[in-house]
Amino acid sequence: GARYLASRIERDGLPFGRVLTLMTGADGGVVTDLRGLAAWLSVHCLNQSRRLLIERDPLGTILYGDVRHFSLRDKQAVFMALRNEAQRNPWLHSEDWSSSSFGALGTKDMEPVLREILISSSRDRADQEIVNCALEAIRYGEPLSNLNDLLEAIARDSSYHRFVRTNAI
């Protein structure tokens with residue numbers, strides 16, 4: 001369905017704004033029953049359309065789509081949108097979801113981005129949620145052994161929440 005919609009948007013001029021409006025609720029977020037469609041539409045759409053879908057539902061984009069082949073900028077946009085989501089919902093990681101999906105963000109090209117997230121000095125709840133998402137990307141993604149020193153530092157740093165320190169191990 002998402003591939004068909006993307007082709008109609010890209011080739012036939014179906015207004016993306018109309019599709020987005022039909023998939024979102026009054027709060028601007030993607031309607032629960034359409035999260036999978038929106039996530040796969042983000043895979044098949046390009047540029048600004050993809051970014052708008054990422055902003056609307058970054059967690060759904062990761063859990064129900066396939067972000068592995070997104071460009072570096074799009075993967076960075078996923079983390080920025082996750083940070084915004086974590087600020088609105090500081091218990092983002094307490095939701096019931098599969099962490100292995102984050103492995104698609106744990107790619108070699110993302111190593112500098114993940115490093116920046118891990119060295120953040122902020123310990124507020126939202127930033128620790130993002131650190132935890134980065135740790136999930138590292139755990140389930142490609143081997144990124146250059147980050148091992150940071151993982152150990154996080155595991156030993158008592159200023160992080162227990163769930164972050166445990167995940168770093």
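None of the figures in this text is laboratory data; all of them are computed from the coordinates on show. Bear in mind that the values here come from a model prediction, so they are computed numbers and not experimental data. We place every Cβ from the backbone using ideal geometry, glycine too, and count neighbours over all the protein chains shown.
General remarks:
- Added length on full extension, which subtracts the Cα-Cα distance from 0.36 nm per residue, Leu22 to Ser100: 25.1 nm
- Cα-centre dipole for the chain with unit charges at Cβ (Lys and Arg positive, Asp and Glu negative), debye to 20: 260
- Of Ser42, Ser98, Ser71, the one that fluctuates the most in a GNM where the chain has Cα springs shorter than 10 Å: Ser98
- R0 of 30 Å, Cβ-Cβ distance Asp149-Arg3: FRET efficiency to nearest 0.05: 0.10
- Efficiency of FRET from Cβ geometry, Ser71 and Ser121, R₀ 25 Å, rounded to 0.05: 0.30
- Among Gly25, Gly36, Gly141, the residue with the largest mean-square fluctuation in a Gaussian network model of the chain, with springs joining Cα atoms closer than 10 Å, is Gly25.
- Positive-pole candidate from Val31, Ala77, Asn89, dipole of region 1-95, charges at beta carbon: Ala77
- Its DSSP H runs of at least 4 residues, each contributing -39,500 (n - 2.57), put the calculated 222 nm mean residue ellipticity of the chain at -18000 deg cm²/dmol, to the nearest 500.
- Each part gets one Cα centre, and for region 100-169 versus region 5-79 those centres are 25 Å apart.
- Taking chymotrypsin sites (Phe, Trp or Tyr not before Pro) across region 55-111, the ones in a DSSP loop with at most 12 further Cβ atoms lying within 10 angstrom of their Cβ are Trp91.
- Candidates Leu72, Leu63, Leu118: whichever shows maximal mean-square fluctuation once the chain is modelled as a Gaussian network with Cα springs under 10 Å: Leu72
- Label-point separation in nm, Gln48 to Ser159, each point 7 Å along Cα→Cβ: 4.1
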